[in-house]
1. Report the number of Lys pairs in the chain whose alpha-carbons are under 22 Å apart, with separation of 8 or more residues or on distinct chains.
2. Let me see the pair-distance distribution of the chain: every alpha carbon pair, 5 Å bin width, integer percents in order.
3. Projected onto the charge dipole of region 2-144 (+1 at Lys/Arg Cβ, -1 at Asp/Glu Cβ, origin at the Cα centre), which of THR100, ALA19, MET3 gives the Cα projection farthest towards the positive end?
4. So what is the 222 nm mean residue ellipticity for the chain from helices alone, if each DSSP H run of at least 4 adds -39500 (n - 2.57) and you divide by all residues, rounding to the nearest 500 deg cm²/dmol?
5. Note down the nm distance, to one decimal, between modelled labels 7 Å out along Cα→Cβ at ALA12 and at LEU139.
6. Go through 3-9, 35-41 and give me the packing order, highest mean Cβ count within 10 Å leading.
7. Can you tell me the length gained on complete extension of the stretch ALA19 to GLU88, counting 0.36 nm per residue apart and subtracting the Cα distance?
8. When only C-alpha pairs under 8 Å and at least 6 residues apart count, what is the relative contact order of the chain, in percent?
Amino acid sequence: AEMESRGAALRAAKEEAAAATAKEREVISSAEEVAGAHKAEVEAVQVQLRAAKQAEERALAKYRTELQNHSADAQELTKAKEAAAAAEESLRAAVAARATAESEASNARALAAAAKAEVASRIKEVEERLAAAAEENKLLHAQLT
């Protein structure tokens, strides 16, 4: 009965380890997906930033060739500068979000490794107790015969 109890404890520990490992993989996968999404956002914002800067440069060149007080060109330049500033701010936010996601993924991997080590230690402990019980059982049988 004690052997069955210890065997059940070992099976439960192994099932717990499998569940913990599956959950850890899920957390890591989710964090990596978030990091990937942020990378795509950063790339998209960089394209927008380049386009906005090019638009700003074009507007500035046009503005310099036109009359100093031409209001339409002055408004275009202002809009291009605002678009560039907004794109730069979006880029900073996307870079920060990506760094956060990468940090969270790294933390999740570290937690997963620690949990895996803990489960392995528990399994080893249960296996050692099971082996000790088997040895004790063997000695008791030997004494009875």
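Just so you know, all these numbers are worked out from the coordinates, no wet-lab data involved. All values reported here derive from a predicted model rather than from experimental measurement. Here the Cβ is made from the backbone with ideal geometry for all residues, glycine too, and neighbour counts use every protein chain on show.
1. Qualifying lysine pairs in the chain: 13.
2. Spelled out bin by bin, the chain gives 2, 9, 10, 10, 8, 7, 7, 6, 6, 5, 5, 4, 4, 4, 3, 3, 2, 2, 1, 1, 1, 0, 0 percent.
3. THR100
4. On the way: 2 runs with 138 residues, N = 145.
Per the formula, -36000 deg cm²/dmol.
5. Those two pseudo-labels are separated by 2.6 nm.
6. On the way: 3-9: 12.4, 35-41: 15.6.
Highest-to-lowest ranking by the protection proxy: 35-41, 3-9.
7. Details: separation 69, 0.36 × 69 = 24.84 nm, distance 4.34 nm.
Using 0.36 nm per residue and subtracting the Cα-Cα distance, I get 20.5 nm.
8. Values: 96 pairs, mean separation 64.5, N = 145.
Result for the chain is 45 percent.
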